[in-house]
């Protein structure tokens with residue numbers, strides 16, 4: 001049996017981690033390019049891809065879901081029919097590979113390591129091929145909507161008090177976390193040998209979305225007994241378990257002796273809603289989308305915190321990038337009223353803001369996808385939005401002291417504007433040694449963490465008790 005058969009592959013080295021190249025590229029010009037790539041390419045292709053998956057046999061329904069006036073004719077129409085057919089084939093391939101994966105990873109008896117490795121390789125290859133099928137819709141990219149808006153008008157929307165959770169936020173204590181009933185049971189897959197230690201998956205009934213299953217991938221550092229844990233929440237549209245070669249900081253954190261718990265956010269990856277692409281409902285539903293996502297993901301983070309403690313972690317941190325950071329900071333406030341087992345000890349925020357209205361109305365990505373205009377069309381005024389802002393912003397004190405909060409901000413960040421993040425750091429009293437401010441934008445400040453790992457070093461030192 002070869003090394004390839006017995007272990008999952010090591011992550012590919014990101015060329016931008018090489019200092020001369022990274023120093024050249026990880027600058028504000030890159031963020032302007034990345035914003036255009038996301039807004040003008042990835043999102044329209046994703047909308048067409050999702051429409052094709054949901055409406056393969058109905059050209060009119062496909063056109064409506066893609067925001068087209070009608071199904072294209074001529075050569076373009078032929079190309080789109082081929083793209084839809086490829087979508088369906090690749091979806092079938094993925095579902096078959098995932099069924100075999102589930103059968104092995106959650107079997108009553110543990111399969112051989114080489115079986116688990118083979119099933120994960122096959123699942124990831126099929127998932128990546130399905131995601132890459134977006135490219136087939138290139139001929140209509142310029143005509144396709146970025147988001148299929150489905151906002152409820154404010155007059156028909158539940159009042160703010162109906163969303164009120166812990167500590168003034170929209171996040172409620174995880175179901176069953178009180179003394180009268182246990183936390184939701186967490187099912188753990190068989191471990192598979194990874195390049196830096198064993199890997200496994202968690203799943204449990206979501207405490208925030210009825211009928212949905214919360215998922216997380218767990219990476220253990222080789223040879224470390226009872227390691228501290230870092231729960232790393234991703235950004236919007238990031239589906240790391242579905243893209244081969246996806247870049248994140250997991251390997252860097254593992255090398256620093258941390259267990260990494262990488263959740264799959266609501267409406268992403270395995271949790272994607274039919275007819276939508278990963279993360280789309282958070283934007284498409286307007287305020288309801290972010291209220292549901294924060295309330296659900298925050299409660300799930302509490303369950304994962306408890307699981308980490310029950311499985312040897314003396315200290316647990318939560319954190320993330322962009323949407324993951326926005327969720328984590330709100331969870332940190334909500335958790336101040338939760339039982340200790342669900343309360344994180346430390347926090348790492350990258351590319352964040354305390355001002356939800358600024359992100360929604362002035363953030364460059366929000367404006368690029370037409371979020372402010374969609375809000376106005378649905379009848380939402382700034383005054384309406386302001387009524388719900390306290391539920392979405394970290395206005396209270398967090399569960400952890402300032403010396404256990406680490407923040408990394410980009411001065412050129414226009415997606416989650418820099419001033420809102422800096423204001424939060426000052427209000428929470430984040431000490432200078434824990435605050436990293438870089439001449440970068442939203443995308444570069446997060447992608448550059450492996451090359452400039454000082455924030456990772458700091459959170460690792462806090463969790464390891466240094």
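Mind telling me which of the residues 266, 281, 287 ends up being over 15 Å from the mean Cα position of the chain (by Cα) and more than 11 Å from residue 231 (Cα to Cα)? It would help to see each step written out before you state the result.
On the way: 266 fails: over 15 Å from the mean Cα position of the chain (by Cα); 281 fails: over 15 Å from the mean Cα position of the chain (by Cα).
Just one listed residue meets the conditions, 287.
Could you list, in sequence order, all residues of segment 309-332 that are assigned to a helix (DSSP H, G or I) and crowded, with 24+ Cβ neighbours inside 10 Å? If you could, list the steps in order and put the result at the bottom.
As a first pass, look at segment 309-332 and keep what is assigned to a helix (DSSP H, G or I): 309-310, 323-332.
Matches in segment 309-332: 323, 324, 325, 326, 327, 328, 329, 330, 331, 332.
Among the residues of segment 378-403, those that are surrounded by fewer than 22 Cβ atoms within 10 Å (Cβ to Cβ) and either in contact with a strand residue (DSSP E or B) (Cβ under 8 Å, 6 or more places away or on another chain) or free of Cβ contacts under 8 Å to residues at least 60 places away in the same chain (or both) comprise 382, 383, 386, 389, 400, 401, 402, 403.
If you scan segment 335-371, which residues turn out to be part of a helix (DSSP H, G or I) and under 19 Å from residue 237 (Cβ atoms)? Walk me through it before giving the result.
At the first step, the residues of segment 335-371 found to be part of a helix (DSSP H, G or I) are 335-337, 340-342, 356-362, 364-368, 371.
Hits for segment 335-371 are 356, 359, 360, 364, 365, 366, 367, 368, 371.
Quick check on residue 233: is it farther than 25 Å from residue 295 by Cα, surrounded by 20 or more Cβ atoms within 10 Å (Cβ to Cβ), in contact (Cβ under 8 Å) with a residue 12 or more places away in the chain and assigned by TED's automatic domain parsing to the domain that holds residue 292?
Values: farther than 25 Å from residue 295 by Cα: no; surrounded by 20 or more Cβ atoms within 10 Å (Cβ to Cβ): yes; in contact (Cβ under 8 Å) with a residue 12 or more places away in the chain: yes; assigned by TED's automatic domain parsing to the domain that holds residue 292: yes.
Considered against the rule, which asks whether it is farther than 25 Å from residue 295 by Cα, surrounded by 20 or more Cβ atoms within 10 Å (Cβ to Cβ), in contact (Cβ under 8 Å) with a residue 12 or more places away in the chain and assigned by TED's automatic domain parsing to the domain that holds residue 292, residue 233 comes out as no.
Among the candidates 51, 63, 104, the residue that is under 30 Å from residue 187 (Cβ atoms), modelled with pLDDT of 95 or more and out of contact with any strand residue (DSSP E or B) (no Cβ under 7 Å at 6 or more places or on another chain) is uniquely 104. Given the structure, is residue 423 surrounded by fewer than 17 Cβ atoms within 10 Å (Cβ to Cβ), more than 19 Å from the chain's Cα centre (by Cα) and without any contact (Cβ under 8 Å) to a residue 60 or more places away in the chain? So residue 423 does not fit the description; no. Annotation: residue 257 fulfils all but one of (1) surrounded by 21 or more Cβ atoms within 10 Å (Cβ to Cβ); (2) over 14 Å from the mean Cα position of the chain (by Cα); (3) farther than 28 Å from residue 62 by Cβ; the unmet one is (1). Among the candidates 409, 375, the residue that is crowded, with 16+ Cβ neighbours inside 10 Å, within 25 Å of residue 154 (Cβ to Cβ), in contact with a helix residue (DSSP H, G or I) (Cβ under 9 Å, 6 or more places away or on another chain) and touching a residue at least 12 places away in the same chain (Cβ under 8 Å) is uniquely 375.
Checked against (1) touching a residue at least 24 places away in the same chain (Cβ under 8 Å); (2) within 21 Å of the chain's Cα centre (by Cα), residue 211 meets all criteria but (1).
Of all residues in segment 202-223, which are outside any strand (DSSP E or B) and in contact with a helix residue (DSSP H, G or I) (Cβ under 9 Å, 6 or more places away or on another chain)? Answer for segment 202-223, where residues must be outside any strand (DSSP E or B) and in contact with a helix residue (DSSP H, G or I) (Cβ under 9 Å, 6 or more places away or on another chain): 206, 207, 208, 209, 212, 220, 221, 222. Output the number of the condition that residue 7 fails; it satisfies all remaining conditions of (1) modelled with pLDDT of 95 or more; (2) within 28 Å of the chain's Cα centre (by Cα); (3) over 30 Å from residue 441 (Cα atoms). Here residue 7 meets the rest and fails (1). Counting the residues of segment 11-40 that are under 22 Å from the mean Cα position of the chain (by Cα), outside any helix (DSSP H, G or I) and surrounded by fewer than 19 Cβ atoms within 10 Å (Cβ to Cβ) gives 4.
Check whether at least one residue in segment 101-113 is in contact (Cβ under 8 Å) with a residue 40 or more places away in the chain, part of a loop (DSSP other than H, G, I, E, B) and surrounded by 15 or more Cβ atoms within 10 Å (Cβ to Cβ), and report yes or no.
In the first step, residues of segment 101-113 are kept if they are in contact (Cβ under 8 Å) with a residue 40 or more places away in the chain; the result is 104-107, 110-111, 113.
Those still in the list that are part of a loop (DSSP other than H, G, I, E, B) too: 106-107, 110-111.
Then drop every residue that is not surrounded by 15 or more Cβ atoms within 10 Å (Cβ to Cβ), which leaves 111.
Checked against the condition, which is being in contact (Cβ under 8 Å) with a residue 40 or more places away in the chain, part of a loop (DSSP other than H, G, I, E, B) and surrounded by 15 or more Cβ atoms within 10 Å (Cβ to Cβ), segment 101-113 yields at least one hit.
Annotation: of all residues in segment 144-163 being in contact with a helix residue (DSSP H, G or I) (Cβ under 8 Å, 6 or more places away or on another chain) and part of a helix (DSSP H, G or I), the one that is surrounded by the fewest Cβ atoms within 10 Å (Cβ to Cβ) is 160. If you filter segment 177-189 down to residues that are surrounded by 14 or more Cβ atoms within 10 Å (Cβ to Cβ) and not in a strand (DSSP E or B), you find that the one that is modelled with the lowest pLDDT is 177.
Reported count of residues in segment 399-420, each being more than 21 Å from the chain's Cα centre (by Cα) and closer than 13 Å to residue 354 by Cα, is 1. Of the conditions (1) without any contact (Cβ under 8 Å) to a residue 60 or more places away in the chain; (2) assigned to a helix (DSSP H, G or I); (3) out of contact with any strand residue (DSSP E or B) (no Cβ under 6 Å at 6 or more places or on another chain), residue 460 fails just one. Which one is it? Tallying (1) without any contact (Cβ under 8 Å) to a residue 60 or more places away in the chain; (2) assigned to a helix (DSSP H, G or I); (3) out of contact with any strand residue (DSSP E or B) (no Cβ under 6 Å at 6 or more places or on another chain), residue 460 fails exactly one: (1).
Which of the residues spanning segment 395-422 are under 12 Å from residue 435 (Cα atoms) and part of a helix (DSSP H, G or I)? Scanning segment 395-422 gives 402, 403, 404, 421, 422. The set of residues in segment 70-83 that are part of a helix (DSSP H, G or I), free of Cβ contacts under 8 Å to residues at least 40 places away in the same chain and surrounded by 15 or more Cβ atoms within 10 Å (Cβ to Cβ) comprises 77, 81.
State whether one or more residues within segment 41-63 are within 30 Å of residue 115 (Cβ to Cβ) and buried (at least 18 other Cβ atoms within 10 Å of the Cβ). Break it down into steps so the answer makes sense when it comes.
The initial filter retains those residues of segment 41-63 that are within 30 Å of residue 115 (Cβ to Cβ), namely 53.
Those left that are additionally buried (at least 18 other Cβ atoms within 10 Å of the Cβ): 53.
Yes, segment 41-63 has at least one match.
The values are calculated or read from the model by the stated rules, or taken from the named source; none is laboratory data. Keep in mind that what you see is a predicted model, and the values were worked out from it rather than measured. Every residue, glycine among them, receives a Cβ derived from its backbone with ideal geometry; neighbour counts consider all protein chains shown.
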